[in-house]
1. Might you work out the accessible area of residue 126 for me, using a 1.4 Å probe with all protein chains in place, and round it to the nearest 10 Å²?
2. How far, in nm, would the chain grow between residue 145 and residue 86 when pulled straight, counting 0.36 nm per residue and subtracting the alpha carbon separation?
3. Applying a 10 Å radius around every beta-carbon, put 129-135, 182-188 in order of their mean neighbour count, most first.
4. Each label point is 7 Å from the Cα along the Cα-to-Cβ direction; what then is the distance between the points at residue 135 and residue 114, in nm?
5. What's the Kirkwood radius of the stretch 118-201 in Å, using all Cα pairs?
6. Go through 164, 156 and list them by solvent-accessible area, largest first, probe radius 1.4 Å.
7. At 0.36 nm per residue, minus the direct Cα-Cα distance, what do residue 195 and residue 101 gain on full extension? Give it in nm, one decimal, please.
8. How high is the relative contact order of the stretch 82-201, in percent, with contacts defined as C-alpha pairs under 8 Å that are six or more residues apart?
Amino acid sequence: MNTEEQQIEQLKAFWNEHGKGIVAGLVIGFAIFYGWRYYDAQVRAEREAASVQFEQVVAALFSGDDDDLTAAQDFVNNNTSAYSQLAAFQLAKAAIDANAYGTAVSALQTIRDTAEPELAALAALRQARVLLAQEQYEAALAATNAAIQVSAFAAIAYELQGDILLAKGDYSGARQAYLTAQAHGAEGLAELKLNSIVAGS
């Protein structure tokens, strides 16, 4: 068994050989730990601030003041959180109510450009309806084509495509779109629309 003096010498030798590495490891470990806590706190604070701002924007949106539309647009354009996409949907609705269709189309395009496929498809469908109301048929068809790429929305998108083609006077194209909508599971209105074309054309 080593004497106490030998043990001390061994400890000194170990420390001389590995001490700097141990200290460096501890420093790095503490830096990572406290750095992560700081980052986490910053992210949480940013989310909370975005949440509060989102609530303020949505509360103001439906006052009918054009300045509130502008403030909502600024929030959508300058915020990268999920609240930006939610605010864009609300902005689009308020803009439609105010007959500001260009603002609605722009807000929905922001969602299409930044959101996950399902949410982007929903925005594309709403955008297509706004464009149809403006008689911008080709742009509306392009929006439905984007929505078709997400299978859950295909039936609705094909039916809307039929509505757009019908508004254009393309009865053959509308008929095909309604048939395709039915093939993807659309029922009810799609069948009535199809039957009305057959009877009226």
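1. Result for residue 126: roughly 110 Å² accessible.
2. Answer, rounded to one decimal: 19.0 nm.
3. Taking the mean over residues of other Cβ atoms within 10 Å, the ranking is 129-135, 182-188.
4. Taking the two extended label points, one gets 3.4 nm.
5. One decimal place: 12.3 Å for the Kirkwood radius.
6. 156, 164
7. Value of the extension gain: 30.7 nm.
8. That works out to 15 percent.
The values are calculated or read from the model by the stated rules, or taken from the named source; none is laboratory data. Computed from a predicted model, the values in this text were never measured in an experiment. Don't worry about glycine lacking a Cβ; one is built from the backbone with ideal geometry, like all the others, and counts go over all protein chains shown. The area values use the complete protein model at the heavy-atom level, side chains included, leaving out ligands, DNA and RNA. Shrake-Rupley method; radii C 1.70, N 1.55, O 1.52, S 1.80 Å.
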